[in-house]
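First comes the structure, then the notes that go with it.
Values quoted throughout were computed directly from the atomic coordinates according to the rules given, and no laboratory measurement underlies them. Because the structure is predicted, anything quoted here is derived from the model rather than measured. Virtual Cβ from ideal backbone geometry, glycine too; neighbours counted across all protein chains shown.
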Amino acid sequence: MNLSKLSLSQIVNLSLAVFLLLGIAATTYTVNNLRDTEAEAARGGKNATPASIKVDQTDVHFGDSVTFTTSGGKYIHVICYQTLASIVYGTTQPIGTSFLLTPSNVYGNPYNPEWGADCYAYLYSRVNSRSSDFLAFTAFSVAR
């Protein structure tokens with residue numbers, strides 16, 4: 001492109017287009033950088049202690065309340081299986097709350113009162129209908 005053959009209005013339009021593209025690129029970089037920074041902060045930052053979760057009780061049975069010690073995060077999701085395909089408990093609550101392990105036929109899966117269950121607690125910094133930020137998890141067993 002020979003700039004000497006462009007009219008003044010074409011040069012102004014070209015300059016505005018370049019300026020607009022640079023502005024879009026800078027805005028996109030800033031938004032992505034802020035999103036990554038927020039996610040990193042939710043995970044505890046570069047030099048912070050990693051997020052963790054630990055069940056406080058040692059002998060857990062159905063009908064017990066379970067609490068967790070956490071580092072980081074805002075929400076805990078607990079899910080319990082009696083078999084790989086049989087979910088008998090599942091809920092999400094804020095950290096600092098207790099989980100009453102009351103088994104049921106979740107999603108139509110049969111609960112067998114003669115069996116225990118394998119449970120998993122997942123720590124998240126946020127949970128909504130579109131996404132969640134997973135931080136850590138722990139596993140524990142529930143006796144019948």
- How high is the relative contact order of the stretch 52-142, in percent, with contacts defined as C-alpha pairs under 8 Å that are six or more residues apart? 33
- Pairwise label distance in nanometres, ASP56 with LEU100, each label 7 Å out on the Cα-Cβ vector: 1.7
- Task: Could you go through the stretch 51-66 in sequence order and give the Karplus-derived ³J(HN,Hα) for each residue, using 6.51 cos²θ - 1.76 cosθ + 1.60 with θ = phi - 60°, rounded to whole Hz, and x for Gly and Pro?
- Result: 5, 8, 9, 8, 6, 7, 8, 9, 10, 9, 10, 4, x, 7, 8, 10
- Evaluate the distance, in nm, between pseudo-label points positioned 7 Å from the Cα of GLU114 and of THR67 along their respective Cα→Cβ axes. 3.6
- Message: Let me check I've understood the local charge: for GLN82, count other residues with C-beta under 11 angstrom from its C-beta, Lys and Arg +1, Asp and Glu -1. What total comes out?
- Response: -1
- Note on the structure: Distance in nm between THR92 and ASN128 label points, each 7 Å along Cα→Cβ, equals 1.1
- With a ≥ b ≥ c from the Cα gyration tensor eigenvalues, square-rooted, and the rule rounded for a/c under 1.5, otherwise prolate when a/b > b/c and oblate otherwise, the stretch 52-142 is oblate
- Item | ASP133 long-range amide H proximity, modeled H, under 5 Å | SER125, ARG126
